[in-house]
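Quick note: the coordinates plus some simple rules give every number you see, no bench work behind them. All values reported here derive from a predicted model rather than from experimental measurement. Quick reminder, even Gly has a Cβ in these numbers, built from the backbone with ideal geometry, and neighbours come from all protein chains shown.
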Amino acid sequence: MITRRSLAAIAAGSLMLPALARAQANGQTFEMPRAGKRDWAAQVPQIRVGLLGGENEADRLGRWDNYRKLIEDTFGVPVRLYPAADYAGVMQAFAAKQIECSAMGASGYAGTWLDTNGGVEPIVVPREIDGSIAYVAVMVVRKDSGIESLEQMRGKSLAWADPNSTSGYLIPRSELRNGGLDINSYFSRTGFGGGHEQAVVAVLQKQYDAAVTWASGQGEESQGYTRGNLRSMVEKGMLDMNDMRIIWKSRPIPNGPLVIRSDLPAAFKADFRQFHLALPTAHKEIYEQIERGGGQGYAEVTHEMFDPIVQLRREEAAERRRRS
C-alpha cells in the first residue's frame, strides 16, 4: 500500500529524471523544432488537444488559442481544441481516440492509463519556480466564516473539485483518511463543485463552507501563489485572497503531465516533446498562458513517476466498491 511518505518523496523529485530533464534543470536551452510538415502527418493529419474542465469554456479557449496556432504554424497540420465539461470528458476522449494529447492532473492520467490499458503516456511535467515538479492541494474558506482550522470544519460542508482531480479530490481524501478523519461523518455534506474554479466560487457564494483546489504553494499567498487555480482566479478578477483563508495544505503532489496517446508515431512524440521543452524560452507568454503562471519550464518524465497515483486510484475504486 502506498504511504504518504513515499508519495511525498516521489513528488519532491527523488526519482531520477531522464538525462534530458536533468540537462534542462542545469540551464540547457532547447530549440523549437524546425517549422514544416512532417512525415508523421500522414498518420496524424490533425492534432486534437483536449482541455480539462474546471474553468469556464471561453477562458479556456482564450488561454489555449495562441498555443494552438503555434503548434499549427510549427508542424503544418490543423490543430483543434476540445474543451470538455469535466475531467471525465477528456479521459473518455482518449479512450475513444478522439484526441491526441491533453494536459492532465496526475489522477486523471492514472485513471486514463488504467481505462485504456496503458494506451496513454506522459511526456513532460511543468517545473515550478524553484525547479521542483510538485504542487499542493489547499483547502480554502471565506475569512468571514470564522473557520480557522481543519478541526473547525467538523459539521461543515466541503466541495471537492472533480472526482478525477488529484488535488481537488484524490489526494485530500487520501490524506484526510490517513490522518484518522472519517470523511463520511466529519463533514455535514460533501459534493462536487464541477471543477476547481467552480468549487471556489461555490465557497464565495456560501454554497459550501470550504473547497479544495490546487496551487504551486510557492510565492505570495496573498496573490494566489505563483501558479494554480487561485492565482488564475486572482488574475481574472474573480477572487481577492483577502477574502479567503487557507486552513489546510497537502504534502507535495507530482505535477500533472502532458499526456499523449501511446499509439502515435515515435517521430511525433519526439517533435512534441521538443516543442514543449523549448516553449518556455522561445514563447514565454504562451507558456505562461497555458500554465496559469510562471515556472522553470518542463521536465521530461515517464510513467513510473505516476505509479503511486495509479495505486491510489485503485485503492479509491476499492473503497467506493466497499461503500456501495
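Here are a few things to note about the model shown:
- Count, lysine Cα pairs under 17 Å in the range 134-253, 8 or more residues apart or across chains: 4
- Amide H partners (placed H, <5 Å) of Ser188, local residues excluded: Gly155, Lys156, Ser157
- Only one residue of Leu181, Ala210, Trp160 has its Cα farthest out toward the positive end of the dipole of the range 134-253, where Lys and Arg carry +1 and Asp and Glu -1 on Cβ, and that residue is Leu181.
- Quotient of Cα Rg and 2.2 N^0.38 Å for the chain, N being how many residues it contains: 0.97
- Dipole moment magnitude, nearest 20 debye, the chain about Cα centre, only Lys, Arg, Asp, Glu C-beta charged: 600
- Pairwise FRET efficiency - Leu114 versus Ser185, Cβ, R0 = 30 Å, nearest 0.05: 0.55
- For the range 134-253, averaging the sequence separation of C-alpha pairs within contact (under 8 Å, six or more residues apart) and dividing by the residue count gives a relative contact order of 40 percent.
- The calculated FRET efficiency for the pair Lys97 and Gln311, based on their C-beta separation and a Förster distance of 30 Å, comes to about 0.70.
- Calculated over the range 134-253, the projected area of the Cα convex hull averaged across directions stands at 6.4 nm².
- Size of charge dipole - the range 134-253 - debye, nearest 20, with Cβ of Lys, Arg +1 and Asp, Glu -1, no other charges: 200
- Each of Thr302 and Ala282 was given a label point 7 Å from its Cα along the Cα-to-Cβ line. The distance between the two points is 2.6 nm.
- Modelled spin labels at Asp263 and Asp59, positioned 7 Å past Cα toward Cβ, are 3.6 nm from each other.
- Annotation: extensible slack from Thr29 through Leu150 equals 39.2 nm (criterion: 0.36 nm per residue apart, minus Cα-Cα distance).
- Under 5 Å, built H, 5+ apart or other chain: amide partners of Arg48: Arg80, Glu100, Cys101
- Kirkwood's formula applied to the C-alpha pairs of the range 18-128 gives a hydrodynamic radius of 15.5 angstrom.
- A Gaussian network model of the chain, with springs between Cα atoms under 10 Å, assigns the largest mean-square fluctuation among Pro265, Pro257, Pro308 to Pro265.
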